[in-house]
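Inspection log for the structure reproduced underneath, given as structure tokens.
FYI, it's all coordinate maths here, none of it is from the lab. The shown structure was predicted, so the numbers you read here are calculated from the model rather than taken from an experiment. Because the Cβ atoms are built from the backbone with ideal geometry, glycine has one as well, and the counts that use them run over all protein chains shown.
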């Protein structure tokens, strides 16, 4: 166990203290919910992948329902929900996918907007890939416009998890809606390295370890030569990891997340190593096959980032109602250009 794993072990332990209830849509295995539970909130999750639901319910205090969500779904606990969060499926907007965006059947934003419209939470937050600000920016602007029409001030920003203590470069769009004011968490100058996260595990292996084949090694060598690659894409102990994804975890390919051992062989990282690089505590148990566990980890919001966002969202949520009303009144009478300058 490293100092990092010990720290997130106690920092991310759920301890419910707030009366506010958080609804987590497309909850996955609970990375976002874990951060909110560590910040004191009770959570309710909805997720369609059965193994991810099992993982959520094994580790978190709240309950996750195995449910495919559609526009018009009636949330049984709607009257008790104060905050809506979620990570609508990112495949429609990922640069590694077909980038069908709004035409992709997996697009979850209509469901998220519908939930906000029905529940009218005091605040909401969603996460998605940074590429949605690229060729799909028009769609993000449409989403934000719809949410503003519901009476929310909406702010979004690209954040990198590495700037918040996560030992991994992971750029994501974070969008927050509120009726008061919100400040994103302060970035940290110091970055957590791979060695600090998994230094006690990365050079060990056993009979179940998976190594790159000679063919994969040759392919990598040719690729690195043609692309003038100076630094191989292995995990380097003195720096954060590259982005953890389903693609480079679950598939034993030449792009897989790997450690170069002292004897020169490259080993695919294990589930616990991947989980730590995503800032999941060691006590967090994943359910399902190894492939399913890797998918859960690769799809998750890093819980440490989620925790720091939840702390900032708590300050917005707890702002006195009178103060919120005053801010809403001011915003109502501002011209639209000033409103955009303040809230975007």
Going highest first, how would you order 183-192, 79-88, 4-13 by mean Cβ packing within 10 Å?
-> 79-88, 4-13, 183-192
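In percent, how large is the relative contact order of the chain, given Cα pairs closer than 8 Å and 6 or more residues apart? Walk me through the numbers before you get to the answer.
Numbers: 648 pairs, mean separation 69.3, N = 344.
That works out to 20 percent.
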Could you check the simple spin-label distance between residue 77 and residue 141, using points 7 Å along Cα→Cβ, in nm with one decimal?
-> 3.7 nm
How big is the gap, in Å, between the Cα center of the stretch 225-280 and the Cα center of the stretch 1-38?
-> 25 Å
Per-residue ellipticity at 222 nm attributable to helices in the chain (runs of n ≥ 4 DSSP H, -39500 (n - 2.57) apiece, nearest 500 deg cm²/dmol) works out to -10500 deg cm²/dmol
Multiply the residue gap between residue 186 and residue 265 by 0.36 nm, knock off their C-alpha separation, and tell me the result in nm, one decimal place.
-> 24.5 nm
Per-q log10 I(q)/I(0), the chain, q = 0.08, 0.10, 0.11, 0.12 Å⁻¹ (Debye; single scatterer per alpha-carbon; no solvent) = -0.39, -0.61, -0.73, -0.86
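Per-residue counts of other Cβ atoms within 10 Å, averaged by peptide: what ranking do you get for 130-143, 168-181, highest first?
Working: 130-143: 16.1, 168-181: 20.1.
Packing proxy ranking, top to bottom: 168-181, 130-143.
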Cα gyration tensor shape for the stretch 194-298, rounded if a/c is under 1.5, else prolate or oblate = prolate
Share antiparallel - DSSP beta bridges, the chain, percent rounded to 5 | 50 percent
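For residue 158 and residue 68 in one chain, what is 0.36 nm times their gap in residues minus the Cα-Cα distance, to one decimal in nm? Display every interim value, and only then the final one.
Values: separation 90, 0.36 × 90 = 32.40 nm, distance 2.82 nm.
Full-extension gain reported as 29.6 nm.
Beta carbons within 10 angstrom, averaged per residue: use that to sort the peptides 26-39, 57-70, 267-280, highest first.
Values: 26-39: 28.9, 57-70: 16.7, 267-280: 24.9.
Descending mean neighbour count gives 26-39, 267-280, 57-70.
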Full extension from residue 209 to residue 227: what is 0.36 nm times the residue separation minus their Cα-Cα distance, to one decimal in nm?
-> 3.6 nm
